[in-house]
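Nothing in this text is a laboratory measurement; each read-out follows from the coordinates by a stated rule. As the structure is a prediction and not an experimental result, all values here were calculated from the model. Methodologically, a virtual Cβ is constructed for each residue, glycine included, from the backbone with ideal geometry; neighbour enumeration extends over all protein chains shown.
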Amino acid sequence: MEEMKPIPYRHRPKGLTILYEDRDIIVIDKSAGLLTVKAMYEKEKTAHHILTNYIRKGSFKSKKQLFVVHRLDRDTSGVLIFAKSIEAKENLKLQWKNVRKKYVAVVHGVLKEKNGTITTYLAENEDYEVFSVRDSRKGELAITRYQVIKEAKKFSLLEIELLTGKKNQIRVHFSEKGHPIVGDNKYGKKGEPKSRLALHSHHLTFRHPHSGKELTFEAELPGFFKSYFDH
């Protein structure tokens, strides 16, 4: 992993952690609750907006732009990449199928199969809810590989590799498997105590868009994940 150059304190953005930056890319650890890009209900509290201000260093005249490569759900934390040029964005988009994307999640229950691959076709309804369909013509292929790395009486800690990256894919796959992610208020267990979503983008491995060098970035697991397994 390459070292990041130091950032002057006065220019450090609030609400996220920069893991690495160079002339082509910025890699961050996004906090839970922060949107990747603007939505109809939120324009400014987004990683894209915060980082655009950061690269412009407060100058309204700056024309510097930041380009979205991929997204994380608002309540998912962890590694997220932005590109500083269209060329870097296109390079990363082209290689995205080969980028290794590893997540860690806490799910309800103890899984019978301690590792496996979930393959379904995902579709979305008018209420923006994603679900699996049998007909491949009505959905998009979604493949999720997982391994149990720790268990408690009522919870499991999983390492998950996304082999495709569809909207809400991990959340839907484990909900439909009967092991919803802790704190998922959309696909989760009804009536559970309120908690933040226990889903974290832990590792990303990709080739640098300019040098071609393989890079791996890791975002430290949120501390509360461990609290489910301390008993």
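Volume of the convex hull of region 48-99 (Cα atoms only), normalised per residue: 78 Å³.
For the chain, a crude dipole built from +1 on the beta carbon of Lys and Arg and -1 on the beta carbon of Asp and Glu, taken about the Cα centre, is about 500 debye to the nearest 20. When the chain is described by a simple charge dipole with +1 on each Lys and Arg Cβ and -1 on each Asp and Glu Cβ, the residue from TYR20, GLY178, HIS49 located farthest towards its positive end is HIS49. A cut-off of 5 Å between modelled amide H atoms, ignoring neighbours fewer than 5 places along the same chain, links LEU197 with no other residue. Close amide H contacts of ASP75 (hydrogens built in the peptide plane, cut-off under 5 Å, sequence separation of 5 or more or a different chain): GLY33. Descending by average beta-carbon neighbour count within 10 Å, the peptides 153-159, 100-106 line up as 100-106, 153-159, the highest first. Over the chain, DSSP H runs of length four or greater, each weighted -39,500 (n - 2.57), average out per residue to a 222 nm ellipticity of -3500 deg cm²/dmol. Measuring r between the beta carbons of LEU94 and GLU176 and using R0 = 22 Å, the FRET efficiency lands at 0.10. Extending 7 Å from the Cα toward the beta-carbon at both LYS38 and ARG56 defines two label points whose distance is 1.0 nm. The Rg/Rh ratio of the chain, with Rg taken over Cα atoms and Rh as the Kirkwood radius over Cα pairs, comes to 0.97. For region 55-203, the relative contact order works out to 26 percent when only alpha carbon pairs closer than 8 Å and six or more residues apart are counted. Determine which residues of region 212-231 fall in the zone a paramagnetic label at ILE149 would reach in this model, i.e. backbone nitrogen under 16 Å from the point 7 Å along Cα→Cβ. In region 212-231, the label zone of ILE149 (backbone N under 16 Å from the point 7 Å along Cα→Cβ) covers 216-230.
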